[in-house]
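In what follows, a single structure is set out as structure tokens and then discussed.
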Amino acid sequence: MKKIIFLPVLLCFILACDPESNSTGEPTIVAPVLSACEGNFILSSTFDTEKLKNCSTVMGSVSINSEYAAGMNLENLKNLTSISGDLHISGKSLLNLKGLENLKAIGGDLHLTQITNLVSMDLDNLESIGGNFIIYGSEKLSSMDLKKLKSIGGKFEYHKNVSELVFNSLNFLQSVGNISFMDNPGLKIIDGFEKLEKFNLLYVSNNPRLNEIKGFAELIEVKNVDIKKNEALTAINGFGALTLISQNIRMDLNPLLENIPAFNTLEKVGGVINLSNNYLNFQNSFTGLKVVEAEIHITNNSHPGIFHSFRELETFTGEYFTISYNSFSTFHGPDKLKKANNVAFSGGIREKLEGFDQLTDLDGRLVISHHEELQEVTAFKNLKTVGGDLQIYQNEEILSFTPLLNSLEEVRGEFHISTNAALEQFSVGEQLKFIGGPVVITSNQLLVKVGGFNGVINKVDHLFLTDNYELKEFNGFTGITSIGYIHIGQNIVLEKIKGFSALKFIETEFMLGGNRKLTSIEGFTSLEEVGNYFTIGEGEISDLRNFSNLKKIGLALRISGVKGIKTLQGMENLTSFIEIIEIKHNPLLTDISALGNIGGVKDYINVVGNERLASCSISTLCKFIAAGGSVEFQYNAEGCNSASQILENCVF
């Protein structure tokens, strides 16, 4: 016999309705009773989802793992509107999130991880996520519908997703902590975020096919921007309302990144600007930027054009402004900047360094170095004060930096000009009144003439003028009265030294050596005291008459290898006690009687290799020998080859 089930009864069984008929004779459908379900739920199959069939709220967390559940669907979750804890979704079975379309709020994190076959993510009623929102490891995800999502309490992270999702979602998002796009092989465009006005961090890293970043139309402020290692990224657009990056902006290792109009509305950066290893065109970038409160580093950017950015920059309080090893043809610095700390240009400018016309004060250093093609520096023409070192060195083609030298009034650190292979001459204007550190002019291969420094009146630390192989004349420092030490050496064609006419005191050492053609010393007429060593060696000097006011040498007098000198005339007023006297290898020297007024010798006397010197019996030497002092006399002319020869002619 066949079992017959009446249709109304069957329908009631399916719909869970009251089988009794209503007044119309039709069965009454009773809606399921929904409730808040407490606890944490792990759903690994469609069967498991039955647990939440009548739940509108989960007071806990939900984990959905479809890894081993073929054909798993989430239809039984269609009544779910909120989860107080986390929602974790993973596995390869899910193709979509149908069943979660009524979900409005997640109190904790939303994680979608290793969702291998998920094609679409339709959470079109979701309004808030209390924690982090992370999408990780998708392979086929091609669309997202999150049109009502307004808040993410933590971060949004899109990480290691292979699929070619054109990300243009989250257009109603109003609050989020950080936004990150990392290691996504399929990501081509970042777009959307049209209502977001403020958040903490935009981090975009190692997305090999990413071509463009845009969107963020109403964004006013972000704390940090970090965009790096995106091999195909060419442009950053959008950001039409952005005025403040309150901390740092970094763009690094984006080799094709050329255009960044997104930052032209930016007015202030509260931290560091670091733009390195990109292809950035700086001709019209950061056109509205007025304030930078930390450092600026622009390094290894390969675009060959003109740098003319930061044109409105007025306030820069960071420690360093560095431009290093870029490929700019011309660098035109900020036009409105009046004050800065340390500014350094190292390598990469091919033609001219211009601008900084309003800059009058640097609290720290100014460095121009390691440029292979830079020829002309017309920048800094109104710079008056350098609070640290002024260093111009290792520039292969530089010919002139005259405007800078004609404006400087004070250099509180080192004045350093070295290893500029094409530099032929320079002169420092009389407006320069103070140099706080040493003056170093060395290894400029074609430098012929140096002059100036005549306005400097303070005690200079020292002058180091060496290894300028074409230098013929030095003339300057007529205003200083004291200096730490002077070392002028290995300038093999140097003929004249002029200046130093007011110099009275050299604190430690006066040393001339290796200046083979030096014939004339026309300065030093006021010099009275050298604290330690007075040394003249290897040159063509014929006399020492300009040192006629020298009264005291603290440690040693050394005259060695001077081919032109015949007498020591000029040393007559040297009356102090002295530790050491060395007179060696002066082929024309015949007379050392000018040393006869020295008060006494304390350590030793060495007179060797002066082949024409026959008379050494002067009172200074006689007294020292008679007292048993340590002496060496040899290879001189007869009469000056031993202590006994000298004593024979001494008059006591």
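The values are calculated or read from the model by the stated rules, or taken from the named source; none is laboratory data. Every value quoted in this text rests on a predicted model; they were computed, and no experiment measured them. A quick note on method: Cβ atoms are made from the backbone with ideal geometry, for glycine too, and the neighbour counts reach across all protein chains shown. The accessibility values were calculated without ligands, DNA or RNA, using every heavy atom of the protein model including side chains. Shrake-Rupley method; radii C 1.70, N 1.55, O 1.52, S 1.80 Å.
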Filter region 53-79 for residues that are aliphatic (A, V, I, L, M) and touching a strand residue (DSSP E or B) at 6+ places or on another chain (Cβ under 6 Å); the one that is nearest to T116 (Cα to Cα) is I64
Only one of (1) within 23 Å of F453 (Cα to Cα); (2) open to solvent by 20 Å² or more (accessible area, probe 1.4 Å); (3) not in a strand (DSSP E or B) is not met by M511, so which one is it?
-> (3)
Starting from region 441-464, take each residue that is under 16 Å from A502 (Cα atoms) and open to solvent by 60 Å² or more (accessible area, probe 1.4 Å) and list its partners that are of a type in the set (S, T, Y) and in a strand (DSSP E or B), counting only C-beta distances under 6 angstrom and pairs at least six apart or across chains.
-> K459/S482
F328 versus (1) over 22 Å from K384 (Cβ atoms); (2) in contact with a Gly (Cβ under 6 Å, 6 or more places away or on another chain): which is the lone unmet condition?
-> (2)
Please work out if V162 is hydrophobic (A, V, I, L, M, F, W, C), open to solvent by 10 Å² or more (accessible area, probe 1.4 Å) and touching a Pro at 6+ places or on another chain (Cβ under 8 Å).
-> yes
Per the filter on region 597-616, residues of a type in the set (S, T, N, Q), more than 57 Å from the chain's Cα centre (by Cα) and more than 19 Å from S576 (Cα to Cα) are S615
Taking region 484-503 and keeping residues over 39 Å from the mean Cα position of the chain (by Cα) and either part of a strand (DSSP E or B) or touching a residue at least 40 places away in the same chain (Cβ under 8 Å) (or both) leaves K496, I497, K498, G499
Could you please find all residues in region 319-351 being aliphatic (A, V, I, L, M), over 18 Å from H371 (Cα atoms) and within 17 Å of the chain's Cα centre (by Cα)?
-> A340
Please go through region 358-380 and pick out each residue that is at pLDDT below 95 and among the charged types (D, E, K, R).
-> E372, E373, E376
Just to be sure, is T519 over 27 Å from G413 (Cβ atoms), in contact (Cβ under 8 Å) with a residue 40 or more places away in the chain and open to solvent by 30 Å² or more (accessible area, probe 1.4 Å)?
-> yes
Some residue of region 29-52 being surrounded by 11 or more Cβ atoms within 10 Å (Cβ to Cβ), under 16 Å from E101 (Cβ atoms) and either modelled with pLDDT of 95 or more or touching a helix residue (DSSP H, G or I) at 6+ places or on another chain (Cβ under 7 Å) (or both) = yes
How about region 495-508: which of its residues are open to solvent by less than 20 Å² (accessible area, probe 1.4 Å) and at pLDDT 95 or above?
-> F500, L503, I506
For the subset of region 148-169 comprising residues that are closer than 20 Å to D86 by Cβ and part of a strand (DSSP E or B), which member is farthest from the chain's Cα centre (by Cα)?
-> S151
Note on region 106-144: residues small (G, A, S), open to solvent by less than 30 Å² (accessible area, probe 1.4 Å) and more than 42 Å from the chain's Cα centre (by Cα) are S120
Does region 302-315 hold any residues that are closer than 24 Å to K223 by Cα and open to solvent by less than 10 Å² (accessible area, probe 1.4 Å), and which are they?
-> S309, F310, L313
